[in-house]
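Visitor: This is the structure I want to talk about, given as structure tokens.
None of the figures in this text is laboratory data; all of them are computed from the coordinates on show. Computed from a predicted model, the values in this text were never measured in an experiment. Virtual Cβ from ideal backbone geometry, glycine too; neighbours counted across all protein chains shown.
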Amino acid sequence: MLEFDFMRRTLAVSLMLSIAVPLIGIIMVNRRTAMVGDALSHTSLAGVGLGLILGFDPILGAIAICIVAAFSIESIRKYFPQFGDMATAVTMSAGLGFAVILSDIAPGGSSFETYLFGSISSVTSFDVISTAVVFVLVLASSIIFYGGLLDIVIDGNLARLSGVNVKLVNGLFTLLAAVTIALACKVVGALLVASLIVLPVATSLIVSRSYKQAFLLSVLLGVIYTMLGVSFSYYFDIRPGGAIVANAVIGMLLFLLFKAVRKKLKPSSARQIS
């Protein structure tokens, strides 16, 4: 597998995304905005269509559209705070509508399909470089603003009182989330990026007893699910996005089973001790 250049590029990008996406996901899930990731991933398809039609790299179009969509959602949420879900639904509907129209006009149906379901053979050197830059920014921001993001997750007003520059941190997080999700569409697929955002985090929350544990475990699970999925994609000739999500679902079921068994055995152990 490693003897091929395209697989080395794919594995490098997959490893970086498997860390960056859960770092974004842990914030989205705890802020109850996980569906924003789904909206952005679907909306990115409009950028892909523009890139294919106008002749530039579709990933650049996906990044641009995702950034516009992400800040549009934030703006709508501010104007209609009581209808937070509406902002996500409106943005996703608009993005998908344009994506459907552009997909009919765009040349090369197989190219568009690559961004729908993901592909291990389409990753370029530019993708590696751009993903590396975004990965470093996401990782650095997650460490530097760890406390601030945690305060924002708990309560935005509390974060302000604690001296956190909420506007700056939220803006930076929104920007990095948009770019990361757009980049992930090429490997994971626009239809399945939201699963990589949510499933590792959801699985970690089953057994974690603190935010820090969930933070670290979600990243570890993201790496395991993604690298296994890409490997299965290569050896069994299946879509990487589907393989990654299948691993994540199986992993979540195993964690649920583990918790159920541990809970069942715990009372009996306590009785034996007494």
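Visitor: Can you tell which of ILE143, ILE63, ILE76 shows the greatest fluctuation in a Gaussian network model of the chain with Cα springs below 10 Å?
Guide: Its mean-square fluctuation being the largest, the pick is ILE143.
Visitor: Helix-only mean residue ellipticity at 222 nm, the chain, DSSP H runs n ≥ 4 weighted -39,500 (n - 2.57), per residue, nearest 500. What is it?
Guide: Values: 12 runs with 229 residues, N = 274.
So the calculated ellipticity at 222 nm is -28500 deg cm²/dmol.
Visitor: Could you compute the FRET efficiency for LEU139 and TYR211, with r as their C-beta to C-beta distance and R0 at 22 Å, rounded to 0.05? Don't skip to the answer; put the middle values down first.
Guide: Working: r = 17 Å, r/R0 = 0.79.
After rounding to 0.05, the efficiency reads 0.80.
Visitor: Return the single residue from SER72, SER218, SER18 with maximal mean-square fluctuation; model: Gaussian network over the chain, springs between Cα atoms under 10 Å.
Guide: SER72
Visitor: List the equivalent ellipsoid semi-axes of segment 5-194 in whole Å, largest first, each obtained as the square root of 5λ for an eigenvalue λ of the Cα gyration tensor.
Guide: 29, 20, 11
Visitor: In addition: Just to be sure I understand the rule: take each whole DSSP H helix in the chain, project its Cα atoms onto its long axis, keep it if the span is 24 Å or more and its mean Kyte-Doolittle hydropathy is at least -1.0. Which ones pass? The partial results should precede the final answer.
Guide: On the way: long enough: 5-30 (38 Å, 1.45); 34-54 (32 Å, 1.36); 58-79 (31 Å, 1.40); 84-105 (33 Å, 1.25); 125-144 (28 Å, 2.20); 166-184 (26 Å, 1.94); 211-236 (36 Å, 1.22); 240-273 (48 Å, 0.71).
Taking the DSSP H segments of the chain (at least 24 Å long, mean hydropathy at least -1.0), we get 5-30, 34-54, 58-79, 84-105, 125-144, 166-184, 211-236, 240-273.
Visitor: Tell me the relative contact order for the chain as a rounded percent, counting alpha carbon contacts under 8 Å between residues six or more apart. Let's see the in-between values first.
Guide: Working: 398 pairs, mean separation 78.0, N = 274.
Once normalised by length, the contact order is 28 percent.
Visitor: Taking the dipole about the Cα centre of segment 185-274, with the C-beta of Lys and Arg at +1 and of Asp and Glu at -1, give me whichever of PHE236, ALA248, LEU192 is farthest to the positive side.
Guide: ALA248
Visitor: Another question, if that's okay. Once you have all Cα-Cα distances for segment 172-229, histogram them in 5 Å bins from zero and send the whole-percent values.
Guide: 4, 19, 23, 25, 19, 9, 1
Visitor: Here is a further query. Which order do TYR79, TYR146, TYR211, TYR225 fall in if you start with the one that has the fewest other Cβ atoms within 10 Å? Provide the component values of the computation, followed by the final result.
Guide: On the way: TYR79 8, TYR146 13, TYR211 16, TYR225 27.
So the ranking, lowest neighbour count to highest, is TYR79, TYR146, TYR211, TYR225.
Visitor: Quote to one decimal, in nm, the extra length available between LYS266 and ILE53 on full extension: 0.36 nm per residue of separation minus the C-alpha distance between them. If you can, show how the numbers build up before the last one.
Guide: Values: separation 213, 0.36 × 213 = 76.68 nm, distance 6.03 nm.
The LYS266-ILE53 span can extend by a further 70.6 nm.
Visitor: For the pair MET227 and LEU254, how long in nm is the line joining their label points, each one 7 Å along Cα→Cβ?
Guide: About 1.4 nm, to one decimal.
Visitor: Another question, then. In a GNM of the chain with a 10 Å cut-off on Cα contacts, which of ARG32, ARG262, ARG209 has the highest mean-square fluctuation?
Guide: Between ARG32, ARG262, ARG209, it is ARG262 that shows the largest mean-square fluctuation.
Visitor: Could you give the size of the charge dipole of segment 52-174 about its Cα centre, using +1 on the Cβ of each K and R and -1 on the Cβ of each D and E, expressed in debye and rounded to the nearest 20?
Guide: Working: 4 positive and 8 negative charges, 78 e Å.
Its charge dipole is roughly 380 debye.
Visitor: Right, something else. Determine, for VAL153, VAL100, VAL198, the number of other Cβ atoms within 10 Å of each Cβ, and report the residues in order from fewest to most.
Guide: Working: VAL153 17, VAL100 12, VAL198 22.
Neighbour counts put them in this order, fewest first: VAL100, VAL153, VAL198.
Visitor: Check cross-link reach from LYS78 to the lysines: straight Cα distance under 22 Å, and skip same-chain residues fewer than eight apart.
Guide: Once the sequence-local lysines are set aside, what remains near LYS78 is LYS167.
Visitor: If you don't mind, another one. Measure out, as a whole number of angstrom, how far apart the alpha-carbon centroids of segment 1-75 and segment 97-159 sit.
Guide: Segment 1-75 and segment 97-159 have Cα centres spaced 2 Å from each other.
Visitor: Evaluate the distance, in nm, between pseudo-label points positioned 7 Å from the Cα of VAL90 and of LEU158 along their respective Cα→Cβ axes.
Guide: 3.0 nm
Visitor: Along the charge dipole of the chain, Cβ charges K/R +1 and D/E -1, which of ILE181, LEU158, THR43 sits furthest on the positive end?
Guide: Of ILE181, LEU158, THR43, it is LEU158.
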